[in-house]
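Below is one structure, written out as structure tokens; comments come after it.
Please treat every number below as a calculation from the coordinates, not as lab data. If you're wondering where the values come from, they're calculated on a predicted model, not measured in any experiment. Note: ideal-geometry Cβ built from the backbone for every residue, glycine included; neighbour counts use all protein chains shown.
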Amino acid sequence: MRKLSTRAMQTAFKVRRTTLIVDLGDVRSVLSSAPRAGGITRARYILNHQVAAKQLGRDDRRMGAGARCADPARTLSKLATSLGIHDKFVGLMTAVSLADLVTVREAYGQIWVEGFVTVGISNAVRAGDPVTPRQRTYSGAHPGTINLILVTNARLSAAAMVGMVQVATEAKTAVLLRAKVKSWTGGSWATGTGTDAVVVVSGSGPPMRYSGTHTTLGELVGRAIGRAVTEGLARYVRWHHRCKPCSGVKDP
């Protein structure tokens, strides 16, 4: 097996007032499913803001989480202004403590990938499960989102950006299946959560047309997300064991 480099993170980031701020250093191409500036855009910053579980969003409201942010995009815009961020940004929300943020780096040759990952699984679900199941086992009082932020120095084609989302999702799902995380519907193993989000940031380095699992870039993405979700899941389980007397959340 070839040796992969795991040097210190190259992407600038900090946590300020319960918000992860990833500073890309310049405006870069971004593809994401984020609630603020999702889709294909150009941005200087990526934010992942920690909120109370009751504020997460529309999907959580349907599942009984209670109060929510009426407009996550507007909330994130106001947050950015309060943090002194005026350049273009992509914004995410999570109920997972940023104390449990996982950072990861994988590199080979001139290509590197870095990840910023938060993991919660209280609303874990299997793709294809009913939106309104007969029996609900989800408790909206606990963290339940997996947010994946991937930054690479590779200059990605649109297809390669989509490919990175695909590989990252496969890697995340592989970890959940290996850990036998159950869907909150109670009927099957989970493939993700109902509020997951992913962000892919392109660079200005070596051009990449493709990023599937037969490519070096795809290998790096799979390794990075596999390691990060595994570590994030372990931290979530440790947190939930500490809170078990009051949480009522079952082991995954």
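Would you mind ranking PHE116, PHE13 so that the residue whose beta carbon has the fewest other beta carbons within 10 Å leads the list? The partial results should precede the final answer.
On the way: PHE116 24, PHE13 19.
Listing PHE116, PHE13 from fewest to most nearby Cβ atoms yields PHE13, PHE116.
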Fewest-first sequence of MET164, MET93, MET9 by Cβ atoms within 10 Å of each Cβ: MET9, MET93, MET164
Quotient of Cα Rg and 2.2 N^0.38 Å for the range 181-232, N being how many residues it contains: 1.50
Net +/- balance of residues flanking ASP23 in space, Cβ distance below 14 Å, scoring K and R +1, D and E -1: +2
Cβ-defined net charge surrounding THR41, 13 Å radius [Lys, Arg +1; Asp, Glu -1]: +4
Estimated FRET transfer efficiency (ALA127, THR81; beta-carbon r; R0 35 Å; 0.05): 0.45
Extension reserve of the LEU98-ARG17 stretch, reckoned as 0.36 nm per residue once the Cα distance is removed: 28.2 nm
Computed lengthening from ARG238 to SER188, 0.36 nm per intervening residue step minus Cα-Cα distance: 15.7 nm
Amide proton proximity set for THR193, modelled H, under 5 Å, gap of 5+: VAL125, ILE146
